[in-house]
Amino acid sequence: MTRRRTYQERVIRDYYRHQSLIRLQRLQELVSELYLTEGNRRKNLWRRVAQALAGLGVPQSRIDHLVATNNPSYLAKLVEELLQKPLPEPPSPSQP
């Protein structure tokens with residue numbers, strides 16, 4: 001097995017360090033998509049929203065309520081709220 005290069009290690013480390021920012025950005029994109037879709041596609045988007053919110057540490061009861069209401073404006077307000085909160089500290093890099 002080949003070792004990763006320094007550049008590759010940095011890319012991987014940065015990806016995991018900024019995971020919460022990536023999820024928030026994806027949630028913003030999903031809000032836009034929810035406004036434009038209908039039917040089964042919309043159900044699949046809500047499932048992806050629920051997974052992203054769970055990854056950000058939003059309580060399951062709040063996620064269930066958002067999905068049940070099926071209202072993208074509520075999700076947009078939650079995303080605004082999440083953007084106002086300070087993001088969690090990234091994990092410290094571990095040395096192999």
Original post:
Do the sum for the chain: with -39,500 (n - 2.57) for every DSSP H run of n ≥ 4, divided by all residues, what is the mean residue ellipticity at 222 nm, to the nearest 500 deg cm²/dmol?
Top reply: -23500 deg cm²/dmol
**OP:** Starting from the amide H of T37, placed 1.01 Å from N in the peptide plane, find each other amide H under 5 Å away whose residue is 5 or more places distant or on another chain.
**Re:** none
**OP:** Please identify every one of the GluC sites (Glu not before Pro) in segment 1-81 that sits in a loop by DSSP and has no more than 13 other beta carbons within 10 Å of its own beta carbon.
**Re:** E38
Subject >> HN-Hα J in Hz across segment 78-83 - Karplus 6.51, -1.76, 1.60, θ = phi - 60°, x for Gly and Pro >> reply: 5, 5, 4, 4, 5, 5
Original post:
What ³J(HN,Hα) values, in whole Hz, does the Karplus curve 6.51 cos²θ - 1.76 cosθ + 1.60 give for segment 54-67 when θ = phi - 60°, with x put for Gly and Pro?
Top reply: 4, x, 8, x, 6, x, 4, 4, 5, 4, 4, 5, 4, 5
Original post:
What residue among A68, A50, A76 shows peak mean-square fluctuation when the chain is described by a Gaussian network model with Cα springs under 10 Å?
Top reply: A68
Original post:
What is the local net charge at R4, summed over the other residues whose Cβ is closer than 13 Å to its Cβ (Lys, Arg +1; Asp, Glu -1)?
Top reply: +3
Subject >> DSSP-assigned coil residues among trypsin sites (Lys or Arg not before Pro) in segment 1-40, each with at most 14 further Cβ atoms within 10 Å >> reply: R3, R4, R5
Original post:
In sequence order, what are the phi-derived ³J(HN,Hα) couplings for segment 20-35 according to the Karplus relation 6.51 cos²θ - 1.76 cosθ + 1.60 with θ = phi - 60°, rounded to whole Hz, with x for glycine and proline?
Top reply: 5, 5, 5, 5, 5, 5, 5, 4, 4, 5, 5, 4, 4, 5, 5, 5
**OP:** Using the 2.2 N^0.38 Å rule of thumb for compact globular proteins, work out how segment 27-84 stacks up: its C-alpha Rg over that value, please.
**Re:** 1.01
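Every number here is computed from the coordinates shown, using simple stated rules; none is lab data. Owing to the predicted nature of the structure, the values given are computational and were not obtained by experimental measurement. Ideal geometry is used to build each Cβ from the backbone, glycine not excepted, and the neighbour counts take in all protein chains shown.
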